[in-house]
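The values are calculated or read from the model by the stated rules, or taken from the named source; none is laboratory data. Remember, predicted model here, so these are calculated numbers, not experimental data. Cβ coordinates were reconstructed from backbone atoms using ideal geometry, including for glycine residues, and neighbour counts include every protein chain displayed. For the accessible areas, the whole protein counts, side chains as well, though only heavy atoms, and no ligand, DNA or RNA atoms are used. Shrake-Rupley method; radii C 1.70, N 1.55, O 1.52, S 1.80 Å.
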Amino acid sequence: MKFLKHQFPGIPLIALTATADKLTRKDIVEQLGLSDPSIFIASFDRPNISLTVRPGQKRFEQVVEFLKEHPKQSGIMYCLSRKGCEALAEKLNSKGFRAAHYHAEVPSAQRSKVQEDFINDRVPIICATLAFGMGIDKSNVRFVVHYNLPRNLEGYYQEIGRAGRDGLSADALLFFSYADLLSYREMFEQGDASAAQKELKLAKLERMYQFAEAPVCRRKTVLNYFGEPYDKTCGNCD
């Protein structure tokens, strides 16, 4: 991306991101070729979102109970695979919930319809891969469920931030299992990334798993990860 500064040397450049740790912020500066830029960091805290993490045993049964506690509310359920989000949507519909699936292999027209139905409250639940959510302008998302462990804390925190944008209470529920961890490890190790990139991805994955297993305040753990001191217990996590 350094070519931007070379090609347009007199044009001001701003880089924006919702969640980035110190290493990522450093990488952005280097990749864009910025020289002594001003860096502005707002608080990462989203106090209206309740954070809950549960082991993945009988996760579908737990999801059904969770949805019964959130009747007629809009929410997103993130799954590890395309096949997984299709299967989850099908199972939820069979239980009487209105759900649709969304992933990169869904035809463009169908993806647009699913997105419009969700934004306009015609379909309250979207089961999706990470392809869903970017640019979604919907203030009344009341919950985000991670049916599988996210690959890193940046992704997790960015995705749960799609809930509660109206400032009202929202819920973030994450399921995790060691099988999720192994699936990601295999995916990273078989990928085309460099050895250094693979090592970084695996390190971030390990931090994600540590967050899921940690017996302390969730908000304290995630805010400290992003370099924001938080020395109290939030009272709005499990």
The helix 108-119 Cα axis meets the longest alpha-carbon principal axis of the chain at an angle in degrees, between 0 and 90 and rounded to 10, of 80 degrees
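R0 = 22 Å: FRET efficiency of Q31 with I136, Cβ-based, nearest 0.05? Don't skip to the answer; put the middle values down first.
Values: r = 26 Å, r/R0 = 1.18.
Efficiency, rounded to the nearest 0.05: 0.25.
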Phi-based couplings in Hz for the range 202-212 (Karplus 6.51, -1.76, 1.60; Gly and Pro marked x):
5, 5, 5, 4, 5, 5, 4, 5, 4, 4, 5
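How high is the FRET efficiency from F60 to A193, r the C-beta distance, R0 30 Å, rounded to 0.05?
Details: r = 32 Å, r/R0 = 1.08.
Once rounded, the FRET efficiency stands at 0.40.
Summing Lys, Arg as +1 and Asp, Glu as -1, what charge do residues with Cβ under 12 Å from the Cβ of K91 carry, K91 excluded? Present the calculation step by step, with values, prior to reporting the outcome.
Values: positive: R59, K95; negative: E61, E86, E90.
So the surrounding residues net to -1.
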Using alpha carbons only, how many degrees (0 to 90, rounded to 10) separate the axis of helix 22-31 from the longest principal axis of the chain?
60 degrees
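Using a probe radius of 1.4 Å on heavy atoms only, what accessible surface per residue do you get for the range 81-159? Whole Å² is fine.
On the way: 3690 Å² over 79 residues.
Solvent-accessible surface per residue comes out at 47 Å².
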Calculate how steeply helix 59-68 sits against the longest principal axis of the alpha-carbon atoms of the chain, using the helix alpha-carbon long axis, and give the answer as 0 to 90 degrees to the nearest 10.
80 degrees
Estimated dipole of the chain in Debye, rounded to 20 [Cβ of Lys and Arg +1, of Asp and Glu -1, Cα centre]:
280 debye
Test of understanding: express the Cα radius of gyration of the range 1-88 as a ratio to 2.2 N^0.38 Å, with N the residue count.
1.72
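For a protection proxy built on the mean count of beta-carbon atoms within 10 angstrom, sort 30-40, 162-172, 207-217 highest first, please. Present the calculation step by step, with values, prior to reporting the outcome.
On the way: 30-40: 10.8, 162-172: 18.6, 207-217: 15.9.
Per-residue Cβ counts within 10 Å, averaged per peptide and sorted highest first, yield 162-172, 207-217, 30-40.
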